[in-house]
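J.: Following this message is one structure expressed as structure tokens.
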Amino acid sequence: MKLTRSSAIVPETDVTVAGWVHELRDLGGISFLLLRDRDGIMQITMPKKKVPPELVEHVRSLSRESVVRVAGLVKEELKAPQGFEIIPYEVELLNAAESPLPLDVTGKVRADLDTRLDARFMDVRLPATRAIFLIRATVLHEVRAFLSAHDFIEIQTPKMVATATEGGTQLFPISYFDREAFLNQSPQLYKQIMMAAGLERVFEVGPIFRAEEHDTRKHLNEVTSIDIEASFLDDNEVMELLEELIQHVYIAVAERCSAPLQSLGVTLSIPHIPFKRIAYAEAIEIADIPWGDDLDTAAERAVGQEMGEHYFIVDWPVELKPFYVQPRNNLCYAFDLMHPRMELASGARRIHDYALLVEQLASKSLAPENFGFYLDAFRFGMPPHAGWGLGAERLLVTMLGLANIRESVLFPRDRRRITP
Ligand code: AMO
């Protein structure tokens, strides 16, 4: 079926288009079918004098959201959506939609998020929902383009694993033949192993699984994580790369996604770099929490309000960060990238010394024998390295000002939701 998409239509041509019946309007002497494809709405105009009555009747009988194909002549019509109308000579019903519909697709009555997520196939037909996923695709495309241009190699690491990396409480167990295994929390161990493998700079865009019980607007149980690891770079150098990436993505989305941004009513302001850096000690003072406490939501909000834009928190106490982070006395070379609303990324300069790594595992009450495959990579020439992990959904949610992280995922996984 050779079809023209609505955004590519030129007046005074014959076209065949296809889409969903958005609305039907009958004004007596003239009827309109508003047909929607991925790019927008097209007006199919049927003046009684020009279109045979059987065809008008056929169109009037169509149920909303049915899928149809229309062949006709395009006329310029500045009052119509996208500046043209089509006078049809053929309208074929490809598949009829049942009624009532599970959701109103005209956007006049906005359903609550749960109803929308239950009928996601219908919800994504709404321009304002679709816009999020067009932007999401652009964000991930630009992330890949930026990292590739900075010499990073894209890798894929296993999602079924034997060990925790980010603290043992947040794992989903799976049954793996006769053994226990887990869904991975992070590609952490594998991306570090690739430093010993000599790939020098790697990135992965892939799922991570966190069995957190939280039911919040910023937590998911399945996340798309953007991870990098780089040899011969330190924490400061990967922080610079991270802020440049964030700025690059904002600029690219502002340039390339003007229509989706408009359907969301969003004007992007491009973040200025370098982002401010504050020490953990300053952050807890602003948030008024004791030394050794992690920043909870209230603390993040207090510091975020004070900072007002993206910022890094550095100089963390070693006990608040995972075993693989390079310590510095009682502090460590870890950082968090924060947006005023929430944490976006965390990363660190890593330990590359085998003996120190074994010591740090033990100090976190982790058994080095469970990490044999990982530790081996540190025994035969592991370069110094650093990296970070950035949550794709949190990047989108903060960029677009979405109220709930679930809006940024097609099929979110949370405490209550495993279908659709
Ligand atoms: P961390 O555990 O901080 O670090 O995760 C990195 C980033 O992933 C996102 N994220 C989440 N987003 C939504 N819901 C969740 N439940 C969730 N959990 C994590 C956040 C977070 O900042 N291995 C390290 C990274 C590294 O050091 O390279 C790690 O996983 O945006």
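J.: With each label point set 7 Å from Cα along the Cα-Cβ vector, what nm distance links Ala137 and Ile273?
T.: 2.6
J.: What is the packing order of peptides 119-125, 3-9, taking the mean over residues of other C-beta atoms within 10 Å and listing the highest first? Let's see the in-between values first.
T.: Values: 119-125: 17.0, 3-9: 15.4.
In decreasing order of mean packing, 119-125, 3-9 become 119-125, 3-9.
J.: Quick one: if the Förster radius is 30 Å, what FRET efficiency do Glu154 and Phe177 give, using the C-beta to C-beta distance and rounding to 0.05? Please report the intermediate quantities before stating the final value.
T.: Working: r = 30 Å, r/R0 = 0.99.
Efficiency for this residue pair is about 0.50.
J.: Hey, another quick one. Can you bin every Cα-Cα distance in region 250-350 into 10 Å intervals starting at zero and give me the percent of pairs per bin, rounded to whole numbers?
T.: 15, 40, 27, 14, 5, 0
J.: With both bridge residues required to lie in the chain, what share of the DSSP beta bridges run antiparallel, to the nearest 5%? The partial results should precede the final answer.
T.: On the way: 73 of 81 bridges.
Antiparallel: roughly 90 percent of the beta bridges in the chain.
J.: A further question follows. After finding the eigenvalues of the alpha carbon gyration tensor for the chain, what semi-axes result from the square roots of 5 times each, listed largest first in whole Å? Spell out each step's value before the answer.
T.: Working: eigenvalues 520, 95, 82 Å².
Each semi-axis is √(5λ); the values are 51, 22, 20 Å.
J.: Sticking with this one: Using helices alone, what [θ] at 222 nm do you get for the chain, with -39,500 (n - 2.57) per DSSP H run of 4 or more residues, divided over all residues and rounded to the nearest 500? Before the final figure, lay out each step's value.
T.: Values: 12 runs with 122 residues, N = 420.
Helix-only estimate at 222 nm: -8500 deg cm²/dmol.
J.: Put +1 on the Cβ of every Lys and Arg and -1 on every Asp and Glu Cβ in the chain; which of Val139, Met122, His310 then has its Cα farthest towards the positive end of the dipole?
T.: It is Met122.
J.: Looking only at region 7-28, which residues have a backbone nitrogen under 19 Å from a spot 7 Å from the Cα of Ala259 in the C-beta direction?
T.: 7-13, 15-23, by backbone N distance to the label point.
J.: Which FRET efficiency value, to the nearest 0.05, do you get for Asp353 and Arg217 by plugging their Cβ-Cβ distance into 1/(1 + (r/R0)^6) with R0 = 41 Å? Don't jump to the answer; show the numbers that get you there.
T.: Details: r = 41 Å, r/R0 = 0.99.
That pair, Asp353 with Arg217, gives E of 0.50.
J.: Sticking with this one: Can you give the accessible area of Arg210, probe radius 1.4 Å, in Å² rounded to 10?
T.: Accessible area of Arg210: about 50 Å².
J.: For a quick check of your reading of the filter: which chymotrypsin sites (Phe, Trp or Tyr not before Pro) in region 336-415 sit in a DSSP loop and have no more than 13 other Cβ atoms within 10 Å?
T.: Numbers: sites: Tyr354, Phe371, Phe373, Tyr374, Phe378, Phe380, Trp388; in loops: Phe378, Phe380.
The qualifying sites are Phe380.
J.: Next question, about the same structure. Over all alpha-carbon pairs of region 1-78, lay out the pair-distance distribution in 10 Å bins, whole %, shortest bin first.
T.: 18, 55, 27, 0
J.: Follow-up. So what's the projected area for region 69-198, the Cα convex hull averaged over all directions, in nm²? Spell out each step's value before the answer.
T.: Numbers: hull surface 63.4 nm².
Convex hull of Cα atoms, orientation-averaged projection: 15.9 nm².
J.: For Glu306 and Asp26, what is the calculated FRET efficiency with R₀ set at 45 Å and r taken between the beta-carbons, to the nearest 0.05?
T.: Values: r = 58 Å, r/R0 = 1.30.
Approximately 0.15, to the nearest 0.05.
J.: Pull out the extension gain between Arg144 and Glu244, defined as 0.36 nm times the separation in residues minus the alpha carbon to alpha carbon distance; nm, one decimal. Don't skip to the answer; put the middle values down first.
T.: Numbers: separation 100, 0.36 × 100 = 36.00 nm, distance 1.34 nm.
Going from the current span to full extension adds 34.7 nm.
J.: Please give the charge dipole size of region 100-245, origin at the Cα centre, charges +1 on K and R Cβ atoms and -1 on D and E Cβ atoms. Round to the nearest 20 debye. Kindly include the intermediate steps, with their values, before the conclusion.
T.: Numbers: 15 positive and 25 negative charges, 176 e Å.
Result for region 100-245 is approximately 840 debye, rounded to the nearest 20.
J.: Under DSSP H, which helices of the chain have Cα atoms covering 27 Å or more of the helix axis and a Kyte-Doolittle average no less than -1.0? Walk me through the numbers on the way to the answer.
T.: Details: long enough: 127-149 (32 Å, 0.84); 235-256 (31 Å, 0.07).
Span-like helices here: 127-149, 235-256.
J.: Show log10 I(q)/I(0) for region 20-142 at q = 0.16, 0.22 Å⁻¹, two decimals, from a solvent-free Debye sum over equal Cα scatterers.
T.: Results for region 20-142 at q = 0.16, 0.22 Å⁻¹ read -0.84, -1.28.
The values are calculated or read from the model by the stated rules, or taken from the named source; none is laboratory data. For clarity, every value in this text was computed on a predicted model and none was experimentally measured. We place every Cβ from the backbone using ideal geometry, glycine too, and count neighbours over all the protein chains shown. Just so you know, the surface numbers come from the protein's heavy atoms only, side chains and all, with ligands and any DNA or RNA stripped out. Shrake-Rupley method; radii C 1.70, N 1.55, O 1.52, S 1.80 Å.
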